[in-house]
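To start, the structure under review is shown below, and the notes come after it.
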Amino acid sequence: MGTWRLGEGSKEKYQQEVATLRYGLNQGITLIDTAEMYGQGAAESLVGEAIQPFVRTNLTIVSKFYPWHANAQKLRTSLAASLKRLQTDYLDLYLLHWRQDTNLAEIVKNLENLKQEGLIHQWGVSNFDVADIKELLNIPDGNQCFANEDLYNLGSRGVETSLLELQRQQKIRFIAYSPFGSENSRYLEIKPQLRQMARKKGITVHSLLLAWVLQQGVYCIPKASSIKHLAENLTALDVSFSDDELSQLNMLYPRPINKVSLDMI
Ligand SMILES: NC(=O)c1ccc[n+]([C@@H]2O[C@H](COP(=O)([O-])OP(=O)(O)OC[C@H]3O[C@@H](n4cnc5c(N)ncnc54)[C@H](OP(=O)(O)O)[C@@H]3O)[C@@H](O)[C@H]2O)c1
């Protein structure tokens with residue numbers, strides 16, 4: 001479950017969002033993605049409250065730090081604040097939110113230290129493209145990178161040209177964000193033929209979009225702030241596509257032939 005923009009509304013909305021995350025956890029979803037950036041800590045605090053009734057070791061909590069918090073001292077301060085808001089004493093996965101002008105060798109060393117101390121179980125990156133991953137793999141312990149989190153949906157398929165394959169080879173998990181093109185599908189055009197296909201299959205457009213991402217064999221972190229939306233998204237787990245439907249989707253939303261620059265929000 002994604003959490004961007006959670007915890008930023010009214011008191012009623014906050015309660016609804018806590019209930020939504022708890023509903024998801026009760027339905028067997030185990031991974032929650034958050035970041036120190038989201039609502040300047042508000043999303044992490046909300047997650048911290050939502051997970052209280054659950055057994056911590058059954059959950060996978062992912063958070064992210066700003067690139068400008070990557071030096072040894074600031075990273076410790078950032079992590080401590082995230083852990084406090086999340087009411088936990090470790091993160092399952094800690095990600096560099098985006099590359100910016102960071103010194104990867106220094107970051108890896110700092111993250112490996114936090115891992116040795118048990119404060120994080122794994123570390124990874126986000127918004128990394130092929131060149132960044134290759135650079136990472138060339139520095140000491142860079143191959144310890146557990147995951148890269150990038151934008152990936154039916155309308156944004158650039159990662160298919162080479163990044164997905166590189167990550168598979170290197171056993172770096174791929175976490176797909178914004179499967180619906182983010183809020184109001186701002187970054188994904190919902191074409192009439194897509195609506196038609198969903199109607200024919202007896203599913204919603206959101207269910208179709210999510211099922212398509214999941215069928216690529218990657219992790220995915222859709223965000224929903226109501227039980228209604230989350231319940232609808234869970235139906236994606238039962239959706240499959242015929243070869244004919246996949247060809248139609250490939251025609252409607254073709255994957256780029258040549259490498260394109262990475263889309264990000
Ligand atoms: N690493 C990064 O740089 C990065 C960047 C962006 C996002 N992320 C992560 O990825 C997560 C997902 O991405 P996202 O939040 O950008 O966008 P998203 O998951 O593609 O879309 C979220 C939007 O879809 C709506 N929605 C969800 N289920 C729906 C349904 N069944 N019917 C109708 N609308 C539905 C949500 O509305 P409601 O809220 O009203 O349910 C929300 O407006 C984020 O929350 C965040 O954790 C990471």
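The values are calculated or read from the model by the stated rules, or taken from the named source; none is laboratory data. Nothing here was measured: the structure is a model prediction, and the numbers come from that model. Cβ atoms come from the backbone with ideal geometry, glycine included; neighbour counts cover every protein chain shown.
Just a few scattered comments:
One line per residue, one yes/no per condition, for (1) of a type in the set (Asp, Glu); (2) surrounded by 15 or more Cβ atoms within 10 Å (Cβ to Cβ); (3) in contact (Cβ under 8 Å) with a residue 24 or more places away in the chain:
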| position | (1), (2), (3) |
| --- | --- |
| Val218 | no, yes, yes |
| Ala224 | no, yes, yes |
| Val239 | no, yes, yes |
| Asp243 | yes, no, no |
| Val260 | no, no, yes |
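One line per residue, one yes/no per condition, for (1) away from the ligand (no atom under 14 Å from the Cβ); (2) within 23 Å of Cys145 (Cα to Cα); (3) acidic (Asp, Glu):
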site	(1), (2), (3)
Ala19	no, no, no
Arg22	yes, no, no
Ile29	no, no, no
Ser45	yes, no, no
Pro53	yes, no, no
Thr60	no, yes, no
Tyr66	no, yes, no
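- Some residue of segment 164-171 being assigned to a loop (DSSP other than H, G, I, E, B) and over 16 Å from the mean Cα position of the chain (by Cα): yes
- Only a single item in (1) in a helix (DSSP H, G or I); (2) at pLDDT 95 or above; (3) closer than 21 Å to Asp33 by Cα is not met by Asn184, and it is number (2).
- Taking residues in segment 7-30 that are at pLDDT 95 or above, and partners anywhere that are surrounded by 18 or more Cβ atoms within 10 Å (Cβ to Cβ) and of a type in the set (D, E, K, R), the pairs with Cβ atoms closer than 6 Å and at least 6 places apart or on different chains are Val18/Glu49.
- For Ala35, the stated conditions do not hold, so it cannot be described as more than 18 Å from Ser178 (Cβ to Cβ), touching a residue at least 24 places away in the same chain (Cβ under 8 Å) and of a type outside the set (Ser, Thr, Tyr).
- Some residue of segment 175-182 being within 12 Å of the ligand (Cβ to nearest atom), touching a residue at least 40 places away in the same chain (Cβ under 8 Å) and in contact with a Cys (Cβ under 7 Å, 6 or more places away or on another chain): yes
Every residue, every condition in (1) in contact (Cβ under 8 Å) with a residue 12 or more places away in the chain; (2) exposed (fewer than 14 other Cβ atoms within 10 Å of the Cβ); (3) under 23 Å from Leu96 (Cβ atoms), yes or no:
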site	(1), (2), (3)
Met1	yes, no, yes
Glu49	yes, no, no
Phe65	yes, no, yes
Ala80	no, yes, yes
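- Failed item, numbered, when Gln40 is tested on (1) in contact with a helix residue (DSSP H, G or I) (Cβ under 7 Å, 6 or more places away or on another chain); (2) within 20 Å of Lys64 (Cβ to Cβ): (1)
- Residues in segment 240-265 that are in contact with a Leu (Cβ under 7 Å, 6 or more places away or on another chain) and either more than 9 Å from the ligand (Cβ to nearest atom) or more than 21 Å from Ser182 (Cβ to Cβ) (or both): Leu249, Leu252, Tyr253, Asp263.
- For segment 149-163, the tally of residues that are surrounded by 21 or more Cβ atoms within 10 Å (Cβ to Cβ) and either touching a Lys or Arg at 6+ places or on another chain (Cβ under 6 Å) or assigned to a loop (DSSP other than H, G, I, E, B) (or both) stands at 2.
- Candidates Asp129, Asp141, Asp101, Asp150 - the one that is at pLDDT below 95 and not hydrophobic (A, V, I, L, M, F, W, C): Asp101
- Here Lys228 passes the criteria (1) among the basic types (Lys, Arg); (2) outside any helix (DSSP H, G or I); (3) surrounded by fewer than 17 Cβ atoms within 10 Å (Cβ to Cβ); (4) within 13 Å of the ligand (Cβ to nearest atom) except the one numbered (2).
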